[in-house]
Amino acid sequence: MEIVRLSKGELIARKNDTVKCWYMIQDGVVLQTFGETSVQLGRNAIVGFFERDIYQCDYVAQTDCVLAEFVCSSAQDIKNILKGKEKLRSIFLKTAVEQRYGLLCLYSELENQAKNYHMFVETLYNDYLTLCNQYRVAETAFPKMEHFNALELQHKAEPWEVRNSVSIAKTYMADYLQLMSRDDGMTIGVIMETSAQMRRFAQGIVEMEGYLAYHKDIMLARGQNCLFKLFFELAGKALEQEKDISSILKDMNLMLKVAAKLRLYDGSTLSYYREICDMLEHRMNTGAHSLGELEEEPVEEIDIRHADGIGIILDYAGYVGTEKDEVRTLLMEYHDLPDMGSMEEHAYKLRKKVSLIFYDIYYRVFIRSVQVGGNLNPVVRMFLNFGFVDTMFTGEENAASLYELSAHLDVCASEHVYTIYRWLRCVYDGSKPTSKNELDMDYAEYLADQKKSGNMTAEQVKEALEDAEQRVEYEIHNMFKTVNKITYGRVTTFCPILCEKDLIYSMEKMLVTAERIENAMNEIRKIDYSVFYREVMFSDPEKGINCEKIMQEVLPDVILLPNVGTRGIMWQETSSKRSNTPGRFMFPMFTTAELRDLVITVVGSFRWEICRKVQGVHWNDVREKSLTAEYCTYMQFYKKNRDLSADAKEKVKSMLARAKNNYREVFVLDYASWILFESKGSFRLNKVARDILVRYCPFAKAIRTELMANPIYQSSMNRFEAENAQKLQKCQMLYNKYEKAGGVITPELKENLLFYQM
């Protein structure tokens with residue numbers, strides 16, 4: 001164990017980071033944070049206890065803390081830690097029970113909040129309809145209620161689990177500890193079972209937080225239509241009729257009371273609406289007969305079902321006169337095609353024209369949006385993020401759903417996941433470099449090539465490099481246009497305008513959220529733990545390390561393209577020539593395919609391409625051992641391979657035919673089988689392919705331990721374990737030498753050691 005000291009506010013672990021070790025709190029308080037809610041962890045609580053592979057939340061030191069750090073990734077590790085230590089067994093057991101209870105308390109609280117919120121909003125809306133009838137006022141359409149359903153959890157805590165946890169934690173703790181700590185087997189069984197339960201509870205907590213955050217603007221939403229605004233407008237019409245508005249005010253005050261209890265809204269929002277209620281009450285008491293408009297941020301309310309989307313977008317983009325008329329005519333002509341996906345020459349040429357003008361409009365709208373700033377017009381926001389142009393293309397119901405979704409785009413963004421609009425903003429402000437074009441040149445390389453060709457001077461190149469608008473233009477025309485078409489999946493019939501023919505399921509079902517992407521990625525990382533690790537160089541010549549390769553995890557950037565697509569692609573294995581920069585994965589914003597399968601395919605392609613990049617010209621040279629080199633050799637000479645049966649050879653032949661002799665595509669197919677089936681002990685690969693994947697895409701330690709009992713895996717996995725043990729020993733010896741020379745084990749070095757321990 002190693003002692004770690006942290007100051008108040010320091011981050012211990014971040015959500016979606018790989019769990020490399022556990023931290024037992026020796027002193028202080030750690031905050032386990034799920035979005036807006038949190039659990040306090042005190043002495044003997046363990047950070048990483050239930051996550052297993054990937055942290056599901058953030059852990060922050062709430063006070064100055066002292067933590068005991070130790071490697072623990074499997075039941076065997078726990079067994080080794082607890083062996084012969086009866087007192088420690090009791091501590092671990094008590095910690096497990098108490099942490100499970102604390103998590104269940106938060107789970108139950110959120111579950112009640114979500115259920116009560118839904119019932120309250122439903123009741124409130126019915127009250128509104130009743131009051132409209134009583135006051136003889138026409139009700140205002142409120143489409144948000146159409147999409148507001150009761151909470152349906154995928155990750156549930158069963159009632160018996162709750163009762164069991166409460167009973168043990170509150171009544172029978174001493175008896176339970178005495179019984180279950182009698183031997184290591186019982187203790188470990190309880191710990192592993194409790195850990196699995198807690199993972200599920202934590203996932204449920206994340207679901208409920210997302211549900212409440214997504215739907216909170218139904219009740220209160222400054223700058224948008226919401227229930228409060230409906231009641232406000234009703235009160236205004238009632239005052240004009242010189243009617244008593246006490247019943248309306250009662251519901252509005254109740255709304256604010258409930259909002260305060262839910263803790264979904266900040267103090268300024270609640271104060272803002274409280275002042276409005278006070279003002280209404282004053283008007284009623286003073287006999288005022290007019291109310292005026294609700295003074296809020298100037299965000300335009302639009303009836304999206306009947307809005308002139310084309311006109312709004314073209315006006316925003318700066319189109320005027322005949323140019324504007326020509327674009328509208330072109331779009332109308334495309335819309336009026338009997339079959340917009342037809343392969344006839346006229347339809348094909350029209351799609352091409354529409355595509356060209358779409359990206360010109362997009363560029364103009366984007367530049368205007370960053371120049372003007374402030375809140376975007378909802379139609380403009382829908383255009384930039386979804387490719388929405390007009391209701392006539394999507395249909396009224398789909399347009400209404402998109403309108404609703406556009407107010408919740410935060411669900412499609414995270415630290416590593418970007419909508420295309422957010423991504424272009426990053427390119428514009430320089431926080432992200434431009435992507436490569438189809439000739440494998442980024443913006444700087446393209447300008448250098450233009451200079452070399454004599455098309456630009458050195459001064460022009462310098463100016464262009466610093467020109468944000470030109471960077472965005474390059475990104476749109478050299479990445480966005482191409483990738484948007486590829487991720488759609490049907491390149492010959494592609495048009496960037498979002499159309500009803502592609503919207504075959506509900507928006508909710510098709511939407512690719514950041515959470516869905518990250519969950520799919522994390523499932524792969526749990527199996528193929530080394531997938532995003534890279535070799536980087538570490539040196540400290542003064543302490544005896546001139547140049548040492550260490551492993552570092554670099555998660556990819558994911559960009560969501562505005563289409564309803566069926567493909568994901570690995571666009572870049574790194575962001576630049578440096579190997580420790582993030583890769584770039586592209587997915588459609590909406591998909592009708594199984595997202596898990598898309599992600600596995602993209603990650604498999606990444607595995608291949610990152611190896612090619614690292615190996616350089618030797619990527620297919622078997623003398624330089626690597627994944628790609630050995631796979632190429634296997635593909636080239638499979639007919640003569642004595643380790644392959646006749647059936648296996650025939651299967652390889654068939655796969656090569658399907659992949660049109662593209663070795664990478666064959667590998668990707670095998671990689672999918674490796675992740676989906678082989679990791680569970682279900683055999684899909686031949687001996688040769690399995691042996692290569694064992695060495696270059698090894699399973700996580702826990703999976704290897706389970707599979708090694710099977711003779712099919714024993715030989716190849718034993719070799720891997722032996723090689724890994726040598727690397728670990730070498731690493732530990734180097735670190736010991738380094739520390740003796742006065743060196744400090746940095747977080748990077750610690751991560752490298754933990755990598756080999758995994």
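The values are calculated or read from the model by the stated rules, or taken from the named source; none is laboratory data. Every value quoted in this text rests on a predicted model; they were computed, and no experiment measured them. So basically every Cβ, Gly included, is an ideal-geometry build from the backbone, and we count neighbours across all protein chains shown.
Kindly indicate whether Lys625 is more than 25 Å from Arg584 (Cβ to Cβ), part of a helix (DSSP H, G or I), outside the structural domain of Val19 (by TED's automatic domain parsing) and of a type in the set (Lys, Arg). In short, no. Restricted to region 227-275, and to residues there that are of a type in the set (Val, Ile, Thr) and modelled with pLDDT of 90 or more, the residue that is surrounded by the most Cβ atoms within 10 Å (Cβ to Cβ) is Ile248. Looking for something without any contact (Cβ under 8 Å) to a residue 12 or more places away in the chain, over 21 Å from Pro541 (Cα atoms) and either of a type in the set (S, T, N, Q) or surrounded by 17 or more Cβ atoms within 10 Å (Cβ to Cβ) (or both) - is there at least one such residue anywhere in region 684-703? No: region 684-703 contains no residue that is without any contact (Cβ under 8 Å) to a residue 12 or more places away in the chain, over 21 Å from Pro541 (Cα atoms) and either of a type in the set (S, T, N, Q) or surrounded by 17 or more Cβ atoms within 10 Å (Cβ to Cβ) (or both). The set of residues in region 684-719 that are more than 23 Å from Val666 (Cα to Cα) and in a helix (DSSP H, G or I) comprises Lys701, Ala702, Ile703, Arg704, Thr705, Glu706, Leu707, Pro711, Gln714, Ser715, Asn718, Arg719. Would you confirm whether or not region 709-721 contains a residue that is within 30 Å of the chain's Cα centre (by Cα) and over 30 Å from Glu542 (Cβ atoms)? The answer is no; no qualifying residue exists. Checked against (1) farther than 21 Å from Ala700 by Cα; (2) at pLDDT 85 or above, Gln56 meets all criteria but (1). Scanning region 565-583 finds no residues that are under 14 Å from the mean Cα position of the chain (by Cα) and at negative phi.
Within region 356-397, the set of residues being charged (D, E, K, R) and in contact with a Ser or Thr (Cβ under 6 Å, 6 or more places away or on another chain) comprises just one member, Arg381. When Phe538, Phe494 are checked against the criterion of being farther than 15 Å from Val564 by Cα and either touching a residue at least 60 places away in the same chain (Cβ under 8 Å) or crowded, with 16+ Cβ neighbours inside 10 Å (or both), Phe538 stands alone in meeting it. Within region 433-460, residues that are over 18 Å from Pro582 (Cβ atoms) and without any contact (Cβ under 8 Å) to a residue 40 or more places away in the chain have Cβ atoms under 8 Å from residues that are assigned to a helix (DSSP H, G or I) and of a type in the set (Phe, Trp, Tyr) in these pairs: Tyr446/Tyr474, counting only partners at least 6 apart in sequence or on another chain. If the condition is being farther than 25 Å from Arg490 by Cα and of a type outside the set (Lys, Arg), then region 328-348 contributes only Thr329.
Summed over region 38-52, residues that are crowded, with 18+ Cβ neighbours inside 10 Å and closer than 28 Å to Ala514 by Cα total 9. Look at (1) of a type in the set (S, T, N, Q); (2) part of a helix (DSSP H, G or I); (3) surrounded by 12 or more Cβ atoms within 10 Å (Cβ to Cβ) and you find that Gln371 fails only one, number (3). Flag set for Thr591, criterion: within 21 Å of Lys485 (Cα to Cα), crowded, with 17+ Cβ neighbours inside 10 Å and hydroxyl-bearing (Ser, Thr, Tyr).
Restricting to region 652-663, name every residue that is among the charged types (D, E, K, R) and either crowded, with 17+ Cβ neighbours inside 10 Å or in contact with a Lys or Arg (Cβ under 7 Å, 6 or more places away or on another chain) (or both). Of everything in region 652-663, nothing turns out to be among the charged types (D, E, K, R) and either crowded, with 17+ Cβ neighbours inside 10 Å or in contact with a Lys or Arg (Cβ under 7 Å, 6 or more places away or on another chain) (or both).
For Ala213, the conditions (1) assigned by TED's automatic domain parsing to the domain that holds Tyr273; (2) small (Gly, Ala, Ser); (3) within 30 Å of Leu376 (Cβ to Cβ) are fulfilled apart from (1). Just to be sure before I move on: is Leu337 outside any helix (DSSP H, G or I) and either without any contact (Cβ under 8 Å) to a residue 40 or more places away in the chain or assigned by TED's automatic domain parsing to the domain that holds Arg490 (or both) in the structure I sent? Answer is yes for this residue.
Gly185 meets all of the listed conditions (1) surrounded by fewer than 17 Cβ atoms within 10 Å (Cβ to Cβ); (2) outside any helix (DSSP H, G or I) but one, namely (2). Between Gly387, Gly311, Gly395, the distinction of being in contact with a strand residue (DSSP E or B) (Cβ under 8 Å, 6 or more places away or on another chain), among the small types (Gly, Ala, Ser) and closer than 30 Å to Met145 by Cα belongs to Gly387 only. Looking only at region 734-751, decide whether some residue is within 22 Å of Cys611 (Cβ to Cβ) and either of a type in the set (A, V, I, L, M, F, W, C) or not assigned by TED's automatic domain parsing to the domain that holds Thr18 (or both). The answer is yes; a qualifying residue exists.
Can you name the residue in region 128-172 that is assigned to a loop (DSSP other than H, G, I, E, B) and of a type in the set (Asp, Glu) and is also nearest to Glu240 (Cα to Cα) among such residues? Looking at the filtered set, the residue picked out is Glu139.
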